[in-house]
Every structure is written in C-alpha cells, then in structure tokens.
1. Need one value for B:314-323: mean number of C-beta atoms belonging to other chains within 10 Å of its residues' C-beta atoms.
2. Based on the Cα gyration tensor of chain B, what are the three equivalent ellipsoid semi-axes, each the root of five times an eigenvalue, rounded to whole Å and given largest first?
3. Within 10 Å of each Cβ of A:252-261, how many other protein chain Cβ atoms are there on average?
4. What is the mean projected area of the alpha carbon convex hull for the range A:317-405, to one decimal in square nanometres?
5. Alpha carbon centre of the range A:128-151 versus the range A:361-405: separation in Å?
6. Quick check: the distance between the Cα centres of the range B:272-297 and the range A:318-351, to the nearest angstrom?
7. Obtain the nm distance between the two label points defined at residue A:159 and residue B:130 by a simple spin-label model: each point lies 7 Å from its Cα along the Cα-to-C-beta direction.
8. Could you give me the radius of gyration and the Dmax of the range B:51-300, taking only the C-alpha atoms into account and expressing both in angstrom?
C-alpha cells in the first residue's frame, strides 16, 4: 500500500466536525445493535423453549353449564365420547386449565407429610387420554389407567386429593434430587398422600412466564365442577381447522343447559402468553434495521460530501501519479479511521448500556461476542457505504487539476 | 425578511434534493419512532382517575403464609382480600364510599331469540358506580339496600345492551343470568379506564365487565372469583361456607376517603382489627396493612412493564442518532454553500442575519420532517394495532384503542420535532455564520 495512514489522519484532524458526527452515529448504532440483538436472541430462545406439547395440532374447547338442570359429569362423558369418535381426532381429554395460557392451578406438594410448605407447583387435571391429547412423552413409569380417574371435585369436597400422580422430570428432580421419583409418595397441603406413577419429559405447564414453567404434575381427575370445563383435542396434522368448525357447530347445539364459550387453537393461547416477547422482538428488529439504515446513509452522505469538496485535490493527486486504486484506498482508509473511532467509543457505550439494562431490568449481562459481531458488522457496513463515493472519487480525471473553478 | 429566508431555503432544498430528502427522512424516522413509543408508554402509564388520586384507595392486608410471602422479594400483601376481612371492614362508616367486588362467570339467556352466551360479570357493592365515576346511558345503579338481601337487578355495559337489546333503553326489561331472573336497572355509557386500575388481573388493558349484579348474589349463588382464588392455609374447605371463612384471598376492596383525617382514621381502624385478629392467631406476618392510591397501585402492580422503559430509552437513542445524522448533513450542506454565504456577508448581512436565515432553513426541514414523522407514526401505530388485534382476535379487550393517535400526541410530536431539530441545527448555522467571508470569496 502506497499510502500511509498518517497523512489521512492529519487531514481528518484538521477538519474534525463531520468525522466526529459520523463516529458518534457509529457509536450509538453499535450500542443499539449489540444490545438489541442480544435481547432479540433471548426472546426468541424463550419463545421456542421446548414445551413437549403438540402445539400445532391441538385445539381447546370451553364449555360452561349455566342452568340448574346441567349435569357436568354426564355432559363431559357425552362430549368426550363424541370428540373421540370423530375421525382425525388422535385423543381428547377434559381438563381444568389450558396449557401455556398463564391461567391454571398452583398447589402445594411436599415430600414428607409434616414438611413445611415450599411454594406452589402447577397442576393439571386430565384423564387417561390426557398425555396423548397433549402429545406428551412418558419417559418412565406408566400412564393413568381408566379406573384411576377420580370423580370431579364439587363445592362439597374441594380439598379431596388423588391416589396417584404423574410428574414432569424437572419436578421429579426438584422433589427427589438424584433419585428416581417413581413410586415415591408426596403429600398435598392438607396432608393427603399420592404416589408418583409416571414421569413426563419435556413438558411445560400452564405458566410459561413463571420461574419454573416445567415444574408440573398431573392429577387423574375429572375437572372441578364449579369451574368451566375445557377439552383438549389433538388431531392429525392438517385436520385441526376443519375439525374445529365441525365440533363447534355440534357442541353449541348439543346441550341447551350449557354454552360453548370458545373453540380455539392452542397456539392462540401460547401466542397471547408470549405477546409481550414477540412484540418486543418485532419492535427491536424494526428499530435496529432503521438504525443500521440511517447510519449507513450518514456515512454515505459524509463520504459523498468529502469527495465533492475535494475534487480538485483528487485531480491534483491523480495528475501527480496517484492511481485510481490509491484514491479508493484513501477514502476507504479515511472511512475506516472514522468508523474505527466510532466503534471504540461505541464499545464503551454498548457495555454501559448493557450494564444499565442488566442492573435496572434484570437482563443478563451483555455477552462479549455480540460486541465483536457488532464491531465487525459496523466496520463492514462503513466500508460498504463509503465504497460508492470512493469509486466516484477515483473516477475524477487528472485534468481537473489544471482547470480553475 | 422571513418570507425571503423561506424562499432561500426552498431554493437550497431544490439544489440538493437528495440530501434534503435524506435529512427529512432522518428527522421523520426519529420522530416517528419516538412518538410511537411514547404513545404506547403514555397509554400504559396513565392514571385514568388522577383527579381522585388523594381520595381513592385500594385496601390490602397481609394475611399470607408466614413462611412464604406471596411475592418473594417484594414486601407487598396479596392484592385481594379474604371474605371475612372485607365483611368486617365494610362495617366501618369512616369511608365516604366503599366497594367490595370480584369478577365472576355468568351466562345470559332469555332475551328474545338471542342465544345464551357467557358475559363477564362483576359482583359488587352499590358504591362501585359512584366511586369509580362510571357514566350511565340509561337508568342507574342500585342502592346499598339492594346489596343484601340481594335484589335481582343487573346493570349492563353499552356493548352488552347493544348486543342484547339493539341499543334500546332496556331499563325494566327482564333477562336470565345463570338461569335466574334479573331485571335491567341501568345501562352504562361507553366506559373504559385504561389501565383498568380497579382490577388488574388478567391484563391491565382488559375491557370492563359487561354486567354488574349486587354483592349479595355472591353468597346467595355461591359465585367464585373468575380470575383469582388464592389459598395458602391447609384448612378444611368442604363447602362454600368454609371458603367464606377461610384465609383464601379473592375479594377486591376499594374505599373513598375524602381527606387525610379520614384516611388516618380508617388506617387505624384496620390496624386495630389486625391487632385483634393477630391475638386470635391470624395475620402471622409482620404488619402490612395498606391504603394504596391509584398511582401507587399501578406502580406496585407493575402495569408499565420493564420492556416499555427499555423501548423508550431505545427510541431516544434512535432519535439522537437521527439528529446527529441531520446535523452532519446540515453542516456539509451549509459548508458547500459557504461561498454564497460569504457573498451575502460581504454585501452587508450581519452574522445574526445569516444565523437566522440558516435557522429558517432548519425550521422548514423540521416542519417537513415532523409532518412525515407523524404520518409514519400513524402507520406504525396502525401496524401495532393490527398485531395486537390479530393476536387478541375474539378476545375481550386488549390493545385496540390503546394505540389511538390523540391530539395531544400530535402536538407533542410537532413540538419535539421543532425543538430538537432547531437545537440540532443551531450549531451548524452558528458555525457558518462565524466563518470569515474573505476565505470564501477567494477562488478555490
């Protein structure tokens, strides 16, 4: 390279303002880019955590009895018989709550009858078809048997428990660290015991936003009689939409003593639970793209301006023997120096912003490789934005030097 | 002078349409992102009943598990109360108004050919409407006497009245609520406090309920809370009576205390009850009885989530970026026009006049940028609206109207654009004004 950096630097220092402004833009862009990318990746990972549930092929029905004639047990039996008889339905279960919906039950579960309570754990009522209706995988033990399913809780026996439960692997490990939970006894808040007969993994319960969304256990019981009943129906791939229409039409008319509040795909509830995450992701993505666009345009505009006011100077250099390549290099190196100064101060800014986010908003501290990626991206972007003006500069004919303006 | 400066500015724009467009776009984008973010933030952080901030209080008492606070790390009592505690506090005559309430499930039927459908219903004491200043379209609420024993009267929202009765004055008409005969006593006018401060469960921007029935029906029909029924004490819960006597929290209580004196009296009334109950073995946690005004209630319940504050920060960083960009471009533009400026100086224009002339150019840019920015923000908010509506399709409430673009927002955006762009443009204008004209009068 025939050009040394020194004269370029000296020239820049003599005319600082424009360069400083571009460097400042690069610095802000780096801070925004790295932190936004970091947050976006975290949100995407959060949304795509494994749920162990066949989300794309399940729909949810909510049925509410409202007259004195309504008999929930009979109604549930009738509805389930109908649902299971439909072709295209893999499995259906009655349940008290909707998976991934941020609504459901939490109860106490401890490993000794006299143990102090240790917070609340998510539970769901399902029947022997429940795991199948979720698409959940049993990794140890057995499923519930049909004769094991307990009658629904009524207002007269709210604190009744069940003899057996199935737990998630994560909950099993929490309750019995380093041991198999199979066959072990656990106790509810009122001191009733139950035996763990199966382990499911992976599985997410009703509360994706909670600290331990995978701590969940299943109760072999018909859904409580004083709350609305939900059905989870799992269909063959591609048949969900059609079945939903059929089912809604049939159930709405099948029993005048209840109403069907809704028939909706399970993904609807998941999307609602993650609405804040997905909108944050979308917003950050948009603003980040705008930041990159505005910064590139800024770099491009400054380079163009620099070329236009130096036409005569460039012509002179060309006349004195500088090759086109040298001119291009000059502007690219100049841009590199400006962007370089920008990313150096930008690193400090990005780390400061990352620190602020981690202390005020409990986000994990910015991973450094995001910063490296951001630096490389912005340097590349700077060179790219300066490329066209540099080429234009190189096209200045040496004859310009001899003309007076 | 001003029209002349404006003409000069227009001519200058015409000379460099590319750079002008770039600057307008940069200002517009910065403003659009800021306005969008602030509109959403403003909607989320608003206090919809600010004029009653020193009168209206949520009542909470910490009856929770001595071993485990409900919110680890936050020293707050549960947002709901037990039935028995609210019943005692209701006996106090200190508050001007007092409301105990909860949302429940209800199915309305028996109206013409309308098929039965679920209606979000609130079981509440009579003061609800006066205390939260709920507007009525037809009729009115019930009197306190109708709460217990409960009279079969019901108040409908305007939406529900439109649906059931086609918007007609339905006062006096009969309908069946959970298969019991009720008579419509009032219809609300449009009313949607955002956030829905008096009940933040299930989302702060839910619509208000569509039906309201007297409080006594809760016990009479054994109605549970639709969203929150939290229990911690291992106690016998074999029927609804047990539930009413339990330490489960599910009742929401608000009081209106017109002055500081009544507030103190009610607080000590609560504390006295707390001390008595504590002797009897309840309230094992440290004393944590609160009267919380709406502003603090929204803060305690984290209505403005952290994401939104991050986004406001991001929006301003982006605005700064856009403005720096604009300053750089302005400087370049003014410098390339320095020869003309030099001639004007040599012909007798003062530094002040040059500064003013360039500032007029900046102001023109700001106005253009702001107008475009407003357009973009409106587009952006429409997009946000569609995202939320699509997600909530069929769901009650949500963000639909949260995102509307109000007049205040427009004024804000214009002011913001003008002030920041002028401030940003002042520097290049000042620098050019200071240049010695001689330098630029020489040939290059």
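1. 6
2. 60, 26, 18
3. For this peptide, the per-residue mean of nearby foreign Cβ atoms is 3.
4. Taking the Cα atoms of the range A:317-405, their convex hull projects to 7.6 nm² on average.
5. 61 Å
6. The range B:272-297 and the range A:318-351 have Cα centres separated by 67 Å.
7. Spacing of the two 7 Å Cα→Cβ label points: 4.1 nm.
8. For the range B:51-300, the Cα-based Rg and Dmax read 18.4, 57 Å.
Only the coordinates and a few stated rules stand behind these numbers; no lab work does. Here the structure is a predicted model, which is why all the values come from computation and not from measurement. Please note: Cβ atoms are built from the backbone with ideal geometry, for glycine as well, and neighbour counts cover all protein chains shown.
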